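What follows is a set of notes on a single structure, which appears directly below.
The values are calculated or read from the model by the stated rules, or taken from the named source; none is laboratory data. What you see is a predicted model, and the numbers here were worked out from it, not measured in a lab. Every residue, glycine among them, receives a Cβ derived from its backbone with ideal geometry; neighbour counts consider all protein chains shown.
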């Protein structure tokens, strides 16, 4: 009989051994912070690949690797003392103000 129990604040897994005792083992929690906008399929693939990479690199079992995805909107992300949403808006305005460049025949 083998049952997993979450313990504490997600830092340890206790696994039932069937003999009225628990084995304790450290459990990695990997946090991925990224901008919003990915599909559920992209998130599934990300979690699978991060888990596989951890197990391949550090060992252990895939079922013991936890991956947390934290999605952050552009208005909640700062770069260089400014909100990313402001930087993106300014870049869009700047791109619209430049006329399209003509390409010379010898450059594609």
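Scanning the range 69-87 for residues being part of a helix (DSSP H, G or I), surrounded by fewer than 13 Cβ atoms within 10 Å (Cβ to Cβ) and more than 18 Å from the chain's Cα centre (by Cα) gives a total of 1.
Taking the range 45-67 as the search range and keeping residues that are surrounded by 12 or more Cβ atoms within 10 Å (Cβ to Cβ) and not in a helix (DSSP H, G or I), which one is modelled with the lowest pLDDT? Step by step, filter the range 45-67, then rank; the result is 60. Among the residues making up the range 11-35, none is modelled with pLDDT of 95 or more and part of a loop (DSSP other than H, G, I, E, B).
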